[in-house]
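The values are calculated or read from the model by the stated rules, or taken from the named source; none is laboratory data. Nothing here was measured: the structure is a model prediction, and the numbers come from that model. A quick note on method: Cβ atoms are made from the backbone with ideal geometry, for glycine too, and the neighbour counts reach across all protein chains shown. When the accessible area is computed, the model is the full protein with side chains, heavy atoms only, and any ligands, DNA or RNA have been set aside. Shrake-Rupley method; radii C 1.70, N 1.55, O 1.52, S 1.80 Å.
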Amino acid sequence: MKTRCDHCGLEYDEKILIKDEMLSPSKSFCCKGCQGVYHLLKNEGLDGFYDKRGKGVLEPPKSALDDAKKFDLDGFREKYIREKDGFCEVSLIISGIHCAACVWLNEKILYKLDGVIEAHISQANNKAKIVWDPEIVPLSAIIEAIRSIGYNAYPYDSRLQEAHANAARREYYARLAFGIFAVMNIMWIAIAQYYGYFFGIEQDMKNILTFAEFLLATPTLFFTGSIFFRGAYYGVKNGFVTMDLLIASGSSLAYIYSLYTMFTGIGEPYFDSVTMIITFVFAGKFFEVLMRKKAVDTLDSISGMLPTEVLLVDGNEKRFVSVENIKKDDLIELKAGEKVVIDGICISGEGSFDEASLSGESVPVLKTKESKIISGSICLDSVILYRAEASVKDSTMNKIASLLEDAMNKKPRIEQLANQISRRFSTAVLGIAFITLLAWWYAAGFNEALIIAISVIVIACPCALGLATPVSTLVGLGVGAKKGVLFKEAKFLESLAKCDVLAVDKTGTITLGKPEVISSQIFEEFDKTILYALVKSSSHPVSKGIAKYLETLYEDLSEAKLTDIKMVEAKGVEAHFEGKRIIGGNRRLLKEFGFEREDKEATNYWFAIDDKICAHFILKDMPRADAKEAIAKIKQLGLSVVMLTGDNENTARDSAEYVGIEEFHATLLPQQKAEFIENLRAGGKKVVMAGDGINDALALAKSDIAISLGSGTDIAVGVSDIILMSDSLSSLAKAFLISKKTYRTVKQNIAFSVLYNATTIPLAICGFVMPLVAALSMSFSSLVVVANALRIKSEK
């Protein structure tokens, strides 16, 4: 007699099973492994897994597993693991997952491990994002924990992901091709039947035509339509009523009724409707697969299309090595037409680079000695030798891919709401269809009632409502990535679209952030190396402008050895040299040390030694070329713009007037900028803050949405929600345009879905829609939603 193993569910001869009398009631296991896992789950309080799994089985691995220790090797760590704040993060594909119970069990087991901080698994693609503390638990132990309950894991790779997407597309294509073949043939048979219905046909001929339809409808339902039955099964098993259940139940009812009519001769068969319902709805599914493939092309290709090898220059030797083996300070040779994989600094040669994939700008950028070479750009016309500044996992393109991956995993609030409505909607439709069946059965008989009920089930489309947000979000993120606008999370598309105030920093955002000396005055002769050392100790753009000016005037300028260097916030720098006090900065710094001076136009820099003012420099920071046009476009979108700066009133007024900003606030400290943002939000405003420097980090953190330029400081980029890869302000305008178009499209799609169902379901209940038209309408509604989402790509 065959008996099931109480863990894996596989059937074995009762005589060979292991009886565990320690459990009450006693349990039977096929092997010590299953017995051990059962006790593990029970001891950890996870035996609820067996209730969730139901009557399903756990298949044994088809091949021997490799050693989990390979996940702890340095090569694996460098290629797949990201480190942040002392924790490690990895993306894995977990094989063997086929339902929500599997996801639940794996997440529970992972969270039970000491050192696991976060474990999130997507049932849609079996992808797991795991964050853990390597000081407490190694990755190999995490892998072994997954394997201990009958699953396996391997690292996520964008190239493998694209291969999976292509395989899914080929499978769908084969199923769709068969469905189309069946529809084309069954239509000819249906024409003959309808002709015979109106003009007469012998019963034998009618039976032959009906049997021919049966031969075409049966494989269509169970081969092409198997995806709906599988989805319906796992949905019902885990307590969900989905669109798959609606299609499977509607087509199955029509098929069963047609079998009844074929064998009894009572009523008319609907094999043609079964075939067409399955094929037309499946065509909509196929289009969704194509959309997912496009998403893979847009997002995974960012990292997947990069070369896997680079030409390493080691002394007089050149050799190709894997990008994972490149370390900081290695020398790499780049030839015309090759794509940059690793960030670095050019040390020899010059040439034009295409950075369109990063910034969205099509104009090539000239790179010379000491220029920064960015991964993802393409060398167009020269041979360049450059020094690596980071490993491949810390390269710009890898960071972009990681940001987009995280954005795709986090749903905006409006999508979560739509999904909740969609799940309840399917249950409601089944209830409405059942009531319709009873009402029409009483009024017109079972035959008529069944067809109308099938039409109600098929025409209802939770799919359109479910697709309304994710497809639009997917397209919006892809368009943003192509135009150099990176949203860290998908929800920021929605949040940015709702904002009504843009607060923008001046230096480095409105302006180039590179002030240039336009005039200078020397009051007392002094050692220029002292001033040079003072300005070189600061990263402020004004100090950099003075340093550049001195370098053009004096060759081979060295730095004096200063002591007690102190940065005075929003004012300047203080230091000492051979017992003398050295200060350099704005008028407020002078006043702090007892000097009274009046600033002239633009930006002023004063330099003093002890009690003597030695020099005065006037600098001007030119606005970005596209700043005026970008601010005008942002205003046209309905936002009010305010400029916040630590510069003096005159400088702020000149820049604001030039770019068309009416409201500005000058001489603000970093905390004052943050307070201004907080006051706006307290007044009910939704505020966007755009900046690029350390002094903007606090204001960025206080805003509803923080935007930083890609050239900004690491701190500013770190606290930002959106990153502009281009330094042009036109990217800022594009960010607002993309978010508003995406959010508007989402609302249009949801409105269309609601209107469609509110119109078509009552028509179907009243008997005005036949199943074939219902299937076409349902597929059409999904295609309308997807097509409308694709309009986000339009430049208009």
Hey, Gln161 hits all of (1) closer than 30 Å to Phe280 by Cα; (2) among the polar types (S, T, N, Q); (3) at pLDDT 85 or above but one; which does it fall short on? (3)
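Pick from Leu312, Leu253, Leu306: which is outside any helix (DSSP H, G or I), modelled with pLDDT of 80 or more and surrounded by fewer than 22 Cβ atoms within 10 Å (Cβ to Cβ)? Before the answer, list the steps.
Numbers: Leu253 fails: outside any helix (DSSP H, G or I); Leu306 fails: modelled with pLDDT of 80 or more.
When all the criteria are applied, what remains is Leu312.
Residue by residue, here is whether (1) at pLDDT 85 or above; (2) surrounded by fewer than 20 Cβ atoms within 10 Å (Cβ to Cβ); (3) in a helix (DSSP H, G or I) holds:
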| site | (1), (2), (3) |
| --- | --- |
| Ala453 | yes, no, yes |
| Leu465 | no, no, yes |
| Ala497 | yes, no, yes |
| Ala503 | yes, no, no |
| Ile518 | yes, yes, no |
| Gln521 | yes, yes, no |
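Residue by residue, here is whether (1) assigned to a helix (DSSP H, G or I); (2) over 20 Å from the mean Cα position of the chain (by Cα); (3) under 25 Å from Trp441 (Cα atoms) holds:
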residue	(1), (2), (3)
Lys734	yes, no, no
Val746	yes, no, no
Asn749	yes, yes, no
Val769	no, yes, yes
Val773	yes, yes, yes
Met778	yes, yes, yes
Leu783	yes, yes, no
Ile792	yes, no, no
Write out, first by first residue and then by second, each pair whose Cβ atoms fall under 9 Å of each other, whose residues are 6+ apart or on separate chains, and whose first residue, in the range 559-577, is closer than 15 Å to Ala608 by Cα and open to solvent by less than 30 Å² (accessible area, probe 1.4 Å) while the second is part of a strand (DSSP E or B) and among the polar types (S, T, N, Q). Ala575/Thr563
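Would you please name the residue that is least open to solvent (accessible area, probe 1.4 Å), looking only at residues in the range 366-397 that are acidic (Asp, Glu) and in a loop (DSSP other than H, G, I, E, B)? Reasoning before the result, please.
If we filter the range 366-397 for residues that are acidic (Asp, Glu), which is where we start, we get 370, 381, 389, 394.
Narrowing further to those that are in a loop (DSSP other than H, G, I, E, B): 370, 381, 389.
On the way: Glu370: 124, Asp381: 92, Glu389: 71 Å².
My answer is Glu389.
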Picking from Glu288, Glu268, the residue that is outside any helix (DSSP H, G or I) and either open to solvent by 20 Å² or more (accessible area, probe 1.4 Å) or modelled with pLDDT under 80 (or both) would be Glu268
Per the list (1) modelled with pLDDT of 85 or more; (2) surrounded by 22 or more Cβ atoms within 10 Å (Cβ to Cβ), residue check on Asp696 breaks on (1)
Flag if Thr645 is of a type outside the set (A, V, I, L, M), open to solvent by 10 Å² or more (accessible area, probe 1.4 Å) and touching a helix residue (DSSP H, G or I) at 6+ places or on another chain (Cβ under 9 Å): no
Scan the range 573-632 residue by residue and report those that are within 43 Å of the chain's Cα centre (by Cα) and in a strand (DSSP E or B). Val573, Thr603, Leu619, Lys620, Pro623
Which residue pairs have Cβ atoms closer than 6 Å, lie 6 or more positions apart in sequence or on different chains, and pair a first residue in the range 138-150 that is closer than 17 Å to Arg77 by Cα with a second residue that is buried (at least 20 other Cβ atoms within 10 Å of the Cβ)? Leu139/Phe71; Ser140/Phe71; Ile143/Phe71; Ile143/Ala153
Scan the range 42-69 residue by residue and report those that are modelled with pLDDT of 70 or more and either touching a helix residue (DSSP H, G or I) at 6+ places or on another chain (Cβ under 6 Å) or of a type in the set (Val, Ile, Thr) (or both). Leu46, Asp47, Phe49, Val57, Ala68, Lys69
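So which residues in the range 751-762 are touching a residue at least 12 places away in the same chain (Cβ under 8 Å) and either surrounded by 21 or more Cβ atoms within 10 Å (Cβ to Cβ) or under 30 Å from Phe271 (Cβ atoms) (or both), if there are any at all? Let's see the steps before the verdict.
Quick first cut of the range 751-762, residues touching a residue at least 12 places away in the same chain (Cβ under 8 Å) only: 752-754, 756-757, 760-761.
The answer is Ser753, Tyr756, Asn757, Thr760, Ile761.
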Name the pairs: first residue in the range 172-184 and among the charged types (D, E, K, R), second residue open to solvent by 30 Å² or more (accessible area, probe 1.4 Å), Cβ to Cβ under 7 Å, at least 6 apart or on different chains? Arg175/Phe223
Cβ-Cβ under 9 Å pairs, at least 6 apart or on other chains, the range 616-632 side within 13 Å of Gly508 (Cα to Cα), far side aromatic (Phe, Trp, Tyr): Pro623/Tyr658; Ala627/Tyr658
Pairs where the first residue, in the range 485-502, is touching a residue at least 24 places away in the same chain (Cβ under 8 Å) and the second is in a strand (DSSP E or B) and small (Gly, Ala, Ser), C-beta under 7 Å, 6+ apart: Asp500/Ser640; Val501/Ser640; Leu502/Ala690
Return only the number of the condition from (1) surrounded by fewer than 20 Cβ atoms within 10 Å (Cβ to Cβ); (2) without any contact (Cβ under 8 Å) to a residue 60 or more places away in the chain that Val535 does not satisfy. (1)
What pairs come up if the first residue lies in the range 365-386 and is more than 15 Å from Ile342 (Cβ to Cβ) and free of Cβ contacts under 8 Å to residues at least 40 places away in the same chain, the second is open to solvent by 40 Å² or more (accessible area, probe 1.4 Å) and among the hydrophobic types (A, V, I, L, M, F, W, C), and their beta carbons are under 7 Å apart, counting only those six or more places apart or on different chains? Lys369/Ile347
Specify the residue that is modelled with the lowest pLDDT; the eligible residues are those in the range 19-38 that are exposed (fewer than 14 other Cβ atoms within 10 Å of the Cβ) and within 17 Å of Gly150 (Cβ to Cβ). Lys32
Which of (1) in contact with a Cys (Cβ under 9 Å, 6 or more places away or on another chain); (2) on the phi > 0 side of the Ramachandran plot does Gly767 not meet, given it meets every other one? (1)
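Hey, among the residues in the range 191-213 that are of a type in the set (A, V, I, L, M, F, W, C) and under 20 Å from Thr224 (Cα atoms), which one's least open to solvent (accessible area, probe 1.4 Å)? Give the steps one after another, and end with the answer.
Residues of the range 191-213 that are of a type in the set (A, V, I, L, M, F, W, C), as a first pass: 191-192, 198-199, 201, 205, 208-209, 211-212.
Imposing the further condition that a residue be under 20 Å from Thr224 (Cα atoms) reduces the set to 211-212.
Values: Phe211: 99, Ala212: 32 Å².
The qualifying residue least open to solvent (accessible area, probe 1.4 Å) is Ala212.
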Of those in the range 701-732 that are open to solvent by 10 Å² or more (accessible area, probe 1.4 Å) and assigned to a helix (DSSP H, G or I), the residue modelled with the lowest pLDDT is Ile715
Considering (1) modelled with pLDDT of 85 or more; (2) crowded, with 23+ Cβ neighbours inside 10 Å; (3) not aromatic (Phe, Trp, Tyr), say which one Lys747 fails and leave the rest. (2)
